[in-house]
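Here is the structure we will look at.
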Amino acid sequence: MPKKILVISGSPVKNGNTATLVNWFAKGIRAKGAKIEIINAAFLKYKANGCISCRQCQKTDKYECVINDDAQPVLAKMNEAEVIVMATPLYFYGPSAQLKLVMDRMFSLFKWDNKNDTMTTRLTGKTFVLIASAYENIGLKDLERPFAITADYAGMKFKSLLVPNAGESGEVKKIPGIQAKAIAFGQKLG
């Protein structure tokens with residue numbers, strides 16, 4: 001049975017560095033016969049800007065957000081995927097706001113029992129991946145940290161492909177060997 005891989009891209013630029021890296025990564029995944037779906041978070045329609053802390057998700061046994069908008073099915077797909085990939089450009093030492101909206105809504109994929117000091121999630125055992133690029137060689141390790149912490153907290157394996165000095169939108173194509181590296185990265189996860 002082919003592996004299910006979900007990619008959530010957070011760049012509003014359709015042919016920029018993030019989209020290019022995701023396409024190369026997907027080529028590597030497909031070469032291994034894995035099933036991949038790519039969703040661009042920048043073009044989802046939201047009713048809420050991130051998690052609104054209503055905590056309604058904690059009052060049900062389902063691991064889902066109760067806000068009925070385009071993020072809801074994306075979160076449901078995270079529960080089903082074996083590999084969850086988040087791709088983003090570095091924006092002010094963090095992920096794009098478009099990707100952060102989805103990340104904040106991941107709160108609904110966890111269940112906390114504060115009285116017993118326990119947490120459960122269907123994300124445990126999955127692989128969480130970050131693909132990120134930056135204009136210059138600064139800030140990518142800081143960007144990576146919250147993704148790595150999230151993976152550790154949820155009991156997921158963590159992998160990343162960080163591309164410094166990617167330049168302006170679309171210029172990542174000029175970096176020698178980066179296409180082969182992104183394809184190989186995809187092949188390893190497929």
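Within the stretch 176-190, being within 14 Å of Ser160 (Cα to Cα) and either outside any helix (DSSP H, G or I) or within 16 Å of the chain's Cα centre (by Cα) (or both) holds for Ala182, Phe185, Gly186, Leu189. Checking each residue in the stretch 37-50 for being outside any loop (DSSP other than H, G, I, E, B) and not hydrophobic (A, V, I, L, M, F, W, C) picks out Glu37, Asn40. Residue by residue through the stretch 51-63, note down the ones that are surrounded by 16 or more Cβ atoms within 10 Å (Cβ to Cβ) and either in a loop (DSSP other than H, G, I, E, B) or among the aliphatic types (A, V, I, L, M) (or both). Correct list: Cys51, Tyr63. Residue selection: Tyr46 fails the criterion of being at pLDDT below 95 and within 17 Å of the chain's Cα centre (by Cα). The residues in the stretch 1-36 that are touching a Gly at 6+ places or on another chain (Cβ under 8 Å), part of a helix (DSSP H, G or I), within 26 Å of Asp104 (Cβ to Cβ) and of a type in the set (A, V, I, L, M) can be counted, and the count is 1. Remark: pairs (first residue in the stretch 34-57, in contact (Cβ under 8 Å) with a residue 60 or more places away in the chain; second residue part of a loop (DSSP other than H, G, I, E, B) and surrounded by 14 or more Cβ atoms within 10 Å (Cβ to Cβ); Cβ separation under 6 Å; 6+ apart in sequence or on different chains) = Ala34/Lys3; Ala34/Gly190; Ala41/Gly10. Of all the criteria given as (1) in contact with a strand residue (DSSP E or B) (Cβ under 8 Å, 6 or more places away or on another chain); (2) surrounded by fewer than 22 Cβ atoms within 10 Å (Cβ to Cβ), the one not satisfied by Ser9 is (2). The set of residues from the stretch 145-161 being surrounded by fewer than 17 Cβ atoms within 10 Å (Cβ to Cβ) and either within 19 Å of Gly16 (Cβ to Cβ) or within 14 Å of the chain's Cα centre (by Cα) (or both) comprises Arg145, Pro146, Ala148, Ile149, Lys157, Phe158.
Note on the stretch 67-95: residues that are in contact (Cβ under 8 Å) with a residue 24 or more places away in the chain and either under 13 Å from Glu144 (Cα atoms) or of a type in the set (Lys, Arg) (or both) amount to 10. Quick check on Phe158: is it modelled with pLDDT of 95 or more and closer than 21 Å to Lys100 by Cα? Here the answer is yes, as Phe158 does meet what is asked.
The values are calculated or read from the model by the stated rules, or taken from the named source; none is laboratory data. Keep in mind that what you see is a predicted model, and the values were worked out from it rather than measured. As a convention, Cβ positions derive from the backbone with ideal geometry for all residues, glycine included, and neighbour counts pool all protein chains shown.
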